[in-house]
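This report refers to the structure that appears directly beneath it.
Just so it is clear, none of the values below were taken in a lab; they were calculated from the coordinates. All of these numbers come straight from a predicted model, not from anything done at the bench. When we count neighbours, we look across all protein chains shown, and the Cβ atoms used for this are built from the backbone with ideal geometry, even at glycine.
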Amino acid sequence: MHWILIALAAPALWSASNHIDKYLVGRYFKSGPGAVIIVSAFIGAACLPFILLVEPHVFSINKTDALITIINGILLVIGTILYLHALETHEASEVVPLFQTTPLILFVLGYIFLGETLTIRQGIGGLLIIAGAILISLAMKGGSFKLRWNLLGLMTLSSLALAVSAILFKKVALEENFWISAFWGWSGSIVAGFFCFAFVPSYRRAFLGIFSGASRASATALVAVNEFLDIIATLFFRYAGVIAPLALVQVINGFQPIFVLILGIMLSVFFPSFGKEDMLKTHLARKTAAICMVVVGAILIGA
């Protein structure tokens with residue numbers, strides 16, 4: 001099934017992007033992640049003409065579907081902002097596994113709004129995801145474990161925004177086509193990015209700061225590479241979600257935490273200046289156990 005390879009490409013690319021995100025917010029954008037959002041908007045605007053070349057009938061979409069897809073793009077930006085704020089104070093290998101609450105959220109939304117029911121297997125999978133999310137959100141303080149509510153809250157809200165975004169995108173993509181949906185979804189993200197530039201002063205300062213200082217060339221290049229990776233990964237993910245069941249694509253995306261942890265360890269060993277993973281055995285064991293729980297849980301839900 002070729003869709004599996006397409007779906008796997010997304011988490012592989014995103015895992016690299018996650019570590020670049022962490023490096024960017026830790027080194028260049030300490031005042032906030034707004035620069036990443038605004039750069040994404042400008043790069044997205046530059047990509048729209050290419051979509052027009054591929055699909056010249058993007059304006060044939062009805063107004064309701066266009067609005068739904070624009071909202072999808074805005075939700076994608078909101079989810080990304082929450083994720084970047086979580087990365088400011090936590091390691092990528094702790095943040096990314098919490099994205100695996102997304103399949104669980106999709107099933108909860110289906111239960112509430114579509115009358116769908118969970119099987120016993122899917123219920124067990126959901127409990128594993130919740131347990132894994134709690135485990136990876138724990139921190140040792142004063143000789144006891146404390147739940148990091150800020151990490152858990154930010155990533156739960158981020159996953160909710162991304163889950164609703166995925167549902168809206170697929171709804172329109174099935175009625176129209178993939179490229180029309182991508183065009184209007186990116187338009188929504190661009191609007192959100194320009195809104196941040198115009199009305200959020202801290203984001204605007206962070207963006208303008210890219211173009212000043214001795215590191216402006218390296219920062220600009222790294223942001224551009226990262227956005228390119230994210231765009232390609234998003235296209236792979238969205239396309240796989242159109243040609244295959246969305247829940248199964250989310251399951252394949254569940255391997256992203258494994259890629260992130262492996263890449264984090266490799267960076268710590270070979271390129272510590274670009275990424276530093278907590279290499280204490282107890283911390284690695286906790287992360288590994290939590291990641292295994294959320295991956296198995298995601299597989300049980302989507303199987």
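Numerical summary
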item	result
Computed label-point distance, nm, for sites residue 62 and residue 283 using a 7 Å Cα→Cβ extension	5.4
Simple spin-label estimate for residue 194 and residue 147 in nanometres, 7 Å along Cα-Cβ	4.2
Around residue 14: net Lys/Arg minus Asp/Glu count, Cβ-Cβ under 11 Å	-2
Dipole moment magnitude, nearest 20 debye, the chain about Cα centre, only Lys, Arg, Asp, Glu C-beta charged	760
Helix-derived mean residue ellipticity, 222 nm - over the chain, DSSP H n ≥ 4, -39500 (n - 2.57), to 500	-27000 deg cm²/dmol
Charge sum, other residues only, whose C-beta stays under 12 Å from residue 43's C-beta, Lys/Arg counted +1 and Asp/Glu -1	-2
For the chain: lysine pairs under 20 Å (alpha-carbon distance), excluding those fewer than 8 apart on one chain	11
Ranked by how many other beta carbons lie within 10 Å on average, peptides 89-97, 59-67, 5-13, 162-170 from highest	89-97, 162-170, 5-13, 59-67
Net charge of neighbours whose Cβ lies under 15 Å from the Cβ of residue 197, counting Lys and Arg as +1 and Asp and Glu as -1	+2
Which of 61, 160, 72, positive extreme of dipole for the chain (C-beta unit charges)	160
Which of 125, 273, 16, positive extreme of dipole for the stretch 2-302 (C-beta unit charges)	273
